[in-house]
Number of protein chains: 4
Amino acid sequence: MSSSFGRLFVVTTFGESHGPGVGVVVDGMPPGIAVDAADIQHQLDRRRPGQSALTTQRSETDRVEILSGVFDGVTLGTPIAMLVRNTDARSQDYDKLKDVFRPGHADYVYMQKYGVRDHRGGGRSSGRETVGRVAAGALARAALTTVGVSIVGGTVQVGDTKALKRDWEIAESNPVRCPDATAAEAMAAVILRARDQKDSVGGVVEVVARGVPAGWGDPTMAKLDALLGAAMLSIPATKGVEIGGGFGMCALAGSQTNDVFDGEKYLSNFAGGIAGGISNGAEVVVRVAVRPATSIGKPQTAATAEGGTTTIAIEGRHDPCICPRVVPVAESMMAITLADVWLRQRALRGRAM
Amino acid sequence: MSSSFGRLFVVTTFGESHGPGVGVVVDGMPPGIAVDAADIQHQLDRRRPGQSALTTQRSETDRVEILSGVFDGVTLGTPIAMLVRNTDARSQDYDKLKDVFRPGHADYVYMQKYGVRDHRGGGRSSGRETVGRVAAGALARAALTTVGVSIVGGTVQVGDTKALKRDWEIAESNPVRCPDATAAEAMAAVILRARDQKDSVGGVVEVVARGVPAGWGDPTMAKLDALLGAAMLSIPATKGVEIGGGFGMCALAGSQTNDVFDGEKYLSNFAGGIAGGISNGAEVVVRVAVRPATSIGKPQTAATAEGGTTTIAIEGRHDPCICPRVVPVAESMMAITLADVWLRQRALRGRAM
Amino acid sequence: MSSSFGRLFVVTTFGESHGPGVGVVVDGMPPGIAVDAADIQHQLDRRRPGQSALTTQRSETDRVEILSGVFDGVTLGTPIAMLVRNTDARSQDYDKLKDVFRPGHADYVYMQKYGVRDHRGGGRSSGRETVGRVAAGALARAALTTVGVSIVGGTVQVGDTKALKRDWEIAESNPVRCPDATAAEAMAAVILRARDQKDSVGGVVEVVARGVPAGWGDPTMAKLDALLGAAMLSIPATKGVEIGGGFGMCALAGSQTNDVFDGEKYLSNFAGGIAGGISNGAEVVVRVAVRPATSIGKPQTAATAEGGTTTIAIEGRHDPCICPRVVPVAESMMAITLADVWLRQRALRGRAM
Amino acid sequence: MSSSFGRLFVVTTFGESHGPGVGVVVDGMPPGIAVDAADIQHQLDRRRPGQSALTTQRSETDRVEILSGVFDGVTLGTPIAMLVRNTDARSQDYDKLKDVFRPGHADYVYMQKYGVRDHRGGGRSSGRETVGRVAAGALARAALTTVGVSIVGGTVQVGDTKALKRDWEIAESNPVRCPDATAAEAMAAVILRARDQKDSVGGVVEVVARGVPAGWGDPTMAKLDALLGAAMLSIPATKGVEIGGGFGMCALAGSQTNDVFDGEKYLSNFAGGIAGGISNGAEVVVRVAVRPATSIGKPQTAATAEGGTTTIAIEGRHDPCICPRVVPVAESMMAITLADVWLRQRALRGRAM
């Protein structure tokens, strides 16, 4: 269960970064929905490394194979398994790390948790695990499209450079995936500078769902905020999440942050589209804090398995800023979460939906 | 399932704010653990309204009754049900709100979701639902104590006043529950000013777990970050959560934020005690953004059930700042989450734990 | 989770037989369904001891209190908690059994499992735990009624006396709850003879669901057969279950047991209304093997906590045949199971249901 | 979730009989357990068709590929995905069945449930789905071996021929997998006669777990009986299950069926190793009713998609008696169930296990 997300639209990923492959099983996809393998591949291509100078140059081809649950281009209502083979796994890069715990990585805690690990890369902690999420996200998007829900996203902060606009339609046209063309250039410069310094830099990714009707979610333990929070914080390298006004609301007054519904629309969206855990019909807005990538070329002190320390410089090919590649993952997790609450609401009230 | 939290330490709350009572069932509490009803009552008293001038003056007595699962002061390993009767439910305060949707409240989305609601208060959306969480949290704390884990917490920001210290031992001695005595006074002033203006103010609550060994949590969907994120964002009025360095890391470099383990201890704690989703042995640190309370006395425009608008001033007795009362709830949700991952780890490796 | 049944219509019972009370939380009941407390009480009264000379003479009144989730006689879509206080708990009957493990009972395994137990009665293993199931079953029935599904049941075998007819409408008019008036008298005689001999006797209970449309259930792990099997075998004292033709089909040929659908109806019902795990539109028919009650007045050899043996005669008031009281419990578990698969199907295809 | 079994040892199968392949993901396998791919393959070979004249002559090679979770022959504690490609899928056999609903099959209910189906074979209802279960079962067995639990099984009834002995060690040496050499020959004759008549015959499979300590299972909803019942009734073509004395106990007296524990051992095993839902230390004994295979060569009346009827003779290659091939599947489901309750018990009491 530790590798599953969702209750009705259940996404289970599998695979180590340096094993035979990575993949996913989606159980709960409704039947009769048209699924185009090219759409899934398109989302995987967005996540793939090597897309620009800003990301790692590993050349993973990431071809997805649908193993079940789709027949004649239509979902059967049965589990959809998808597999992506690992091809460019340069395991030798990791040989020298067998007995060293990389700072910020999960190497040490893996040994504490499991007592054993595949030292060739991060195993399940690798960003490569998100391949399955993105493939599942493409299915979730196809399902949500049938009820008019769509999702956009982008990088809205890199280092201390922030996007001032939300022109979502242009986000995909720059390598940072920033919805503000001017900020995008500044962000790219920040990322390249980090790369040149063999260092990394953090940022913020924002994802937005449009068309979510009022009434999805739950009032207590399964608040839509809570589910989205779990979804986002399950993405590697994320350390914070906020809905709508988020942390910025703390310094304001209730008379400022209560979104007034005038009978037709909300006059503000501090709630981020979710009131009392339930969607209120406005855009659902979520921001995710992405920490600087832990794999850096700069020499660092590291603990060894023997209990001492050493100095390492991580030489493999790594991302100086993960944000651009987190965007499709965060969108996918939002889609998966919304598909799940949509089905929950169908269970609760059936016809009404 | 919408009212349950956890997989092995399963907490299910029930009850509307103006029905017969609120309560909780905890399924998965290990057997043989000493449970003192006074400890549970103590935590409920911390959550209770009417503790100081800073909180609502509703005089709920909130006496807990243990209905099952405890015999001779020891847990039986069976479900523990606990009930708190509602006594001070001034339903008449709500009569005039029957056909008005309060801004920022869940009134409107409730109708969209359920098609029916108990208009006398927020129903399940009321903060009163957290009574069950706090009672369950007291059990989780008792369980965690057996393995050396303890939890502290407090208010670290109100409006734009921030705590500069973390003297956890003094947090309980001021009504704000602030771990910085100087900041506490400033915060209290901010809250009273909001109250006098018939308004409310937001803030940030921080909770910290000590003694969590390395190895709890999971590397993918069930990252400890994700579970804690869901736990916190399931608390009413929360709109953001961050682990360790959180959003503050976005503007930093990887060489700054990689916590170096020197073989004995971590030299920093940007990870907030969680690496790759798994506890690393450092303190687990979580901060929660608490929005300004939505119930305010100031006149506001509100939508009506008929589709028009009206002006309302919410007259009942409400909290000008929820933070002090969120503290025991956030601590409880952290305890519940950690009890769950502890049991998961026992399932995974048994003896080793 | 060990005390919960169902995924969408989630029933969680709590309470020991000799603690403050027993009860249940039902999470997932759809909103807007009329619920009459008298209907719930009626089902509890059917389960109650002391109904006739055939059952134990304990005089439990079993008054149910609805604690949440219902307002103005209509479900709110939120958890419905129900409580029945324990009143006639003659704990002293059990004092002499503190260090003796009753044959056939769970006393010994409880100690092995939990390391601690409430020796005053069977704790959670007591038939009294089924109070919560019957209360939840009454809700499930109310939900199913809205889609035209109803449930009947009765005792169809006691000792080796079998019912030859299925006149369900008369089952409730005899104390055995047998749908065959002639067999009912013979069965009563068998039960009284067992009682006079301070012994007990087993039997078979059959439950039937009418009006279940084709399409409920799942083809693999969650076959409707499997869910019903789990439901029935979770009832105390049951040791077998069969669907439709059951064990009797083993000796037949496929050409005999393939139910032919002639375009309008099935010409036989060996499948018991379930083909490939999915309801086929015929009546769903389930039979449950009920073992002879383990509590008997006859002297028996019993193991002691110290590791030796002793002779005991269990003196309390017990049922010589549990079947009549299992009937409402089995009906309830069938209703709970069907409510769950109904909601699952709504989640899967929504509008279509 | 509909394709998953278990809570802690979670087995999720995927794949249609005539799609690219079938497989399974096992999430919750403890780390550090030696896994030999040859052992998994051995179990799959036992399930495979074409083993003798008694089973279908389809020549599936069923080579398993482990995609994740195992490194250097040892489990990593992460999800283990396994894939078996479909190779001998003679889809053309099914073309004529596109618009005909085979009697006893799930064709009709599939359309009612999903509104769409892969008509080339039974889809997920095909016995081929059990490939994943057997692969998962091999892992469960490996896990259970570490705590001394082993599982045996065999065919104990075919038609009305019953095994009189339980020589488990000889069961695998005859094609019926019968633990009674004499009965085995008679059973084989019954099966061949059914085959010659283009018909099929039912039977009973028994599985036994040895070495299960007292204390596994739960007293209420998750009784070990209930979990095993669900496990068995989730196997295709099963219509009944009994534990220990099962239906045979109904005609007996409590003084006969109460298993007496004399301080060292049980003097009988009517409970089938489970008292009050919890293992009692005796062998766990389960019997499963296997209906006659629904695919028969004899002409039968069948409903058509257009609402009329037609006559069909199912020509493909099918099993005249499924029992021999159900044996490894039933053993696997028992192993999966016990692995799950073992981990549950570790979660509950950890060290003690």
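General observations
- Only Cα pairs under 8 Å and 6+ residues apart enter the sum, and on that basis the relative contact order of the stretch B:92-150 stands at 26 percent.
- Residue order for C:Asp36, B:Asp196 - accessible surface, 1.4 angstrom probe, largest first: B:Asp196, C:Asp36
- For D:Pro213, the point set 7 Å out from Cα toward Cβ sits 1.8, 5.1, 5.4 nm from its twins in the other copies, listed from shortest up.
- Taken residue by residue and averaged, Cβ atoms of other chains lying within 10 Å of the Cβ of B:309-316 number 1.
- Starting from the label point of B:Ala181 at 7 Å along Cα→Cβ, the same points in the other copies fall at 5.9, 8.7, 8.9 nm, in ascending order.
- At 7 Å out from Cα toward Cβ: D:Leu192 inter-copy label distances (nm, ascending): 5.7, 8.1, 9.9
- Among the chymotrypsin sites (Phe, Trp or Tyr not before Pro) within the stretch A:203-296, not one is in coil by DSSP while having at most 16 neighbouring Cβ atoms inside 10 Å.
- Using C-alpha pairs under 8 Å with a sequence gap of at least 6, the mean separation divided by the residue count of the stretch A:245-292 gives a relative contact order of 26 percent.
- Contact-buried residues of the stretch C:24-41, at a threshold of 30 Å² lost accessible area versus the chain by itself: C:Val25, C:Asp27, C:Pro31 (1.4 Å probe; DNA, RNA and ligands ignored).
- Rounded to two decimals, the Cα radius of gyration of the stretch D:197-353 over 2.2 N^0.38 Å is 1.32.
- The Kirkwood hydrodynamic radius of the protein assembly as shown, based on inverse pair distances between different Cα atoms, is 32.1 Å.
- Exercise: per-residue mean of other protein chain Cβ atoms within 10 Å, B:123-131: 4
- Electrostatic bookkeeping for C:Cys250 treats Lys and Arg as +1 and Asp and Glu as -1; over the other residues with beta carbon under 14 Å from its beta carbon, the sum is 0.
- Convex hull (Cα only) mean projected area of the stretch B:91-211, reported in nm² to one decimal: 10.1
- Rg and Dmax [Cα atoms of the stretch C:4-349; Å; Rg one decimal, Dmax integer]: 20.5, 66
- Rolling a 1.4 angstrom probe over the protein heavy atoms with all chains in place gives chain C an accessible area of 30 Å² per residue.
- Residue-level result for chain A: its Cβ closest to the axis carrying A onto C, with that distance in Å, is A:Ala347, 2.
- With every protein chain in place, the protein assembly as shown: carbon and sulfur % of accessible area (1.4 Å): 49
- DSSP loop GluC sites (Glu not before Pro) with at most 13 other Cβ within 10 Å: longest gap in chain B: B:1-263
- Relative contact order (percent, whole number), chain D, Cα cutoff 8 Å, 6+ residue spacing: 21
- Cross-link partners of D:Lys165 among aspartates and glutamates, defined as those whose alpha carbon lies under 13 angstrom from its own and excluding same-chain residues fewer than eight positions apart: D:Asp180, D:Glu206.
- Of the DSSP H helices in chain A, those that are both long (alpha-carbon extent of 30 Å or more along the helix axis) and hydrophobic (Kyte-Doolittle mean at least -0.5) are A:323-349.
- Here the stretch B:120-188 was treated as a single set of alpha-carbon atoms; its pair distances binned every 10 Å from 0 give 20, 29, 36, 15, 0 percent.
- Accessible-area value, B:Lys265, 1.4 Å probe, nucleic acids and ligands omitted, Å²: 110
- Remark: mean inter-chain Cβ contacts per residue of A:270-280 equal 6, using a 10 Å Cβ-Cβ cutoff to other protein chain atoms.
- Global form of the stretch D:301-346, assessed from the alpha-carbon gyration tensor, a/c cut-off 1.5: oblate
- Largest accessible area first, the listed residues A:Leu67, D:Leu192 line up as D:Leu192, A:Leu67 when surface is computed with a 1.4 Å probe on the assembled protein chains.
The values are calculated or read from the model by the stated rules, or taken from the named source; none is laboratory data. Since this is a predicted model, take the numbers as computed values, not measurements. We place every Cβ from the backbone using ideal geometry, glycine too, and count neighbours over all the protein chains shown. Note: areas computed on protein heavy atoms with side chains; ligands, DNA, RNA excluded. Shrake-Rupley method; radii C 1.70, N 1.55, O 1.52, S 1.80 Å.
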